[in-house]
Amino acid sequence: MTYRGKFFIAILSASITFYAFFGVMMGWFDARAQQPINDPGAQIRIFESVLQHIQNDYVDEPNLEKVRTGALRGLAYGLDPYSSYLTAEQVETFKPGSNPNPKGIGAEFSQFSSYLYVVSVIEGSPAGKAGLEAGDVVEYIESKATRDISLYDALQMIGGPSGSTVKLRVIRTGEKPQTISIVRGDYKIPPASGEIKTGGIGVVKVHSLQRGQAETARSQIKGLAGRGVKKIVLDLRNVAGGEIEEGISLANAFFRDGDLAKVIGRENKVVKTYSADPAKFLFDGDLAVLIDFGSAGASEVVASAVLERKRGEVVGERTFGAGAAQELFKLRGGDGLLLTTTKWASVSGKPFMAAKRTDSGLKPSVEVKQPDTPEPLDVEELIDPQDEEEEPSQVEPEEPAPVKKPKRGSPDEDLQLKKAIEILQGKSKAAKV
């Protein structure tokens, strides 16, 4: 047997083994195959047929290693934004729980309709200073189209040495595409802040639930309670990512006992249940929580506990829907598969991240939309087909970031905060949605 033939069999065998183990469906072949889409045997036969056609009928000599890499990338891509194929070099540098862009720019990203999507931006970070906003669609990182790479690869491209610059071509609802230059560097996450509004209602603004940040929020809650505050608004808007333990710690401030969240695995089996620690309870007064489309992950843990256990009203807009853990499976060639193995879920067991984008997230008990909040439109509607054909070097010269609209925290514009305060004052009924 020729080396070429042996190589082909090796590739085919590896592919079949991979399919048999994970049973991943290739949806774009469903109609042609006319087989049960979750039947591993049927999918293996389709995959084998494709490889045979590539080997026997493709016009040029195929690079089967490249074909294999592309196939593995596609398999991971068809699962969720956080599962990814890693090259051997990426496997060598990967650390469990690590962020692929440790320096980064101070923004939380996901994928939306194949494009990189800005879920939230940390105030005072390089991204915030450069004018990047939550809801922005990143079409290009430098000259690389984000629709052609995984979320993991995109985050690696955005990260880099302090002082270096990364250029992002951004599409924003109602505005022309623009290129934003962001200087990478260290930044400090603002600690949670607390204040007392008219009527004696305390407002605690949380900026992040990364490690250690929940304690800053708990300190503010404890301080307000010590000053006699009986009603609190907890502002979790634009708080994405973070650690589930931080979400539990913050939620525990409002619960003496009972379950707060769950982690679920395959077949919706509960892997772990987080319960309140009576020693960490802080506040038993009235509570309202603010959320929006930039709330995701650990903030959804807090909001869902308040909502499902009827601890208070959750005001604002539907959250983004995130919260999952990945495990790295090393493959025979040295590369690997970063695969989502568990999801974060509410007390009732409902995952925040669903298979369908429209089913993800947490719905507030009282819906209040901000006038300046862009609807989570289909990204394809924002992309001009002519713009897609232009290389980043061919588009209009870089423009300065536009003057930012009033922030949601400004008293004159913040309808969500106003509604939450009215509910706690008893001046407004909590109209359910």
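The values are calculated or read from the model by the stated rules, or taken from the named source; none is laboratory data. Please read all numbers here as calculations on a predicted model, not as lab measurements. Please note: Cβ atoms are built from the backbone with ideal geometry, for glycine as well, and neighbour counts cover all protein chains shown. To get the accessible areas, we keep the full protein, side chains included, count just its heavy atoms, and leave off ligands, DNA and RNA. Shrake-Rupley method; radii C 1.70, N 1.55, O 1.52, S 1.80 Å.
Some values worked out for this structure:
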item	result
TYR117 long-range amide H proximity, modeled H, under 5 Å	SER110, GLN111, PHE112, VAL138
Dipole magnitude of segment 89-172 about its Cα centre (Cβ charges: Lys, Arg +1; Asp, Glu -1), debye to nearest 20	160 debye
Simple spin-label estimate for ASP259 and LYS418 in nanometres, 7 Å along Cα-Cβ	3.9 nm
Residues with amide H under 5 Å from that of LEU86, placed H, sequence gap 5 or more	GLY336, LEU337, LEU338
Relative contact order (percent, whole number), segment 137-231, Cα cutoff 8 Å, 6+ residue spacing	20 percent
Accessible area (Å², per residue) of segment 150-231, counting only protein heavy atoms and a probe of 1.4 Å	46 Å²
Segment 262-356, dipole about Cα centre (Lys/Arg Cβ +1, Asp/Glu Cβ -1), debye to the nearest 20	500 debye
Shape box of segment 97-248 [Cα atoms, principal axes, largest first, Å]	56, 36, 28
Set LYS197/LYS231; LYS231/LYS310; LYS262/LYS419 screened for pairs whose C-alpha atoms are more than 19 Å apart	LYS262/LYS419
Per-pair calculated FRET efficiency, R0 = 56 Å: THR198 and GLU327 via Cβ, rounded to 0.05	0.65
GLU175-GLU92 FRET efficiency (beta carbon distance; Förster radius 56 Å; 0.05 resolution)	0.85
³J(HN,Hα) computed for each position of segment 106-111 - Karplus, 6.51 cos²θ - 1.76 cosθ + 1.60, integer Hz, glycine/proline x	x, 9, 9, 10, 9, 10
Using θ = phi - 60° and Karplus 6.51 cos²θ - 1.76 cosθ + 1.60, couplings along segment 54-65 (whole Hz; Gly, Pro as x)	5, 5, 9, 10, 5, 4, 10, 5, x, 8, 5, 5
Rg and Dmax of segment 41-122, Cα atoms only, in Å	17.3, 53
Carbon plus sulfur fraction of accessible area for segment 203-297, probe 1.4 Å, in percent	43 percent
For peptides 243-251, 57-65, sequence by mean Cβ density within 10 Å, most packed first	243-251, 57-65
Stretch gain in nm, segment ASP57-LYS144, where the contour uses 0.36 nm per residue and the Cα spacing is subtracted	28.2 nm
Within the accessible area of segment 103-191 (1.4 Å probe), percent carbon and sulfur	50 percent
Theoretical FRET efficiency, 1/(1+(r/R0)^6), r = Cβ-Cβ of LYS167 and LYS222, R0 41 Å, to 0.05	0.40
Karplus (6.51, -1.76, 1.60) ³J(HN,Hα), θ = phi - 60°, over segment 416-425, in Hz, Gly and Pro reported as x	5, 4, 4, 5, 4, 5, 4, 5, 5, 7
Theoretical gain in end-to-end length, ASN268 to GLU367 [0.36 nm per residue, Cα-Cα removed]	32.8 nm
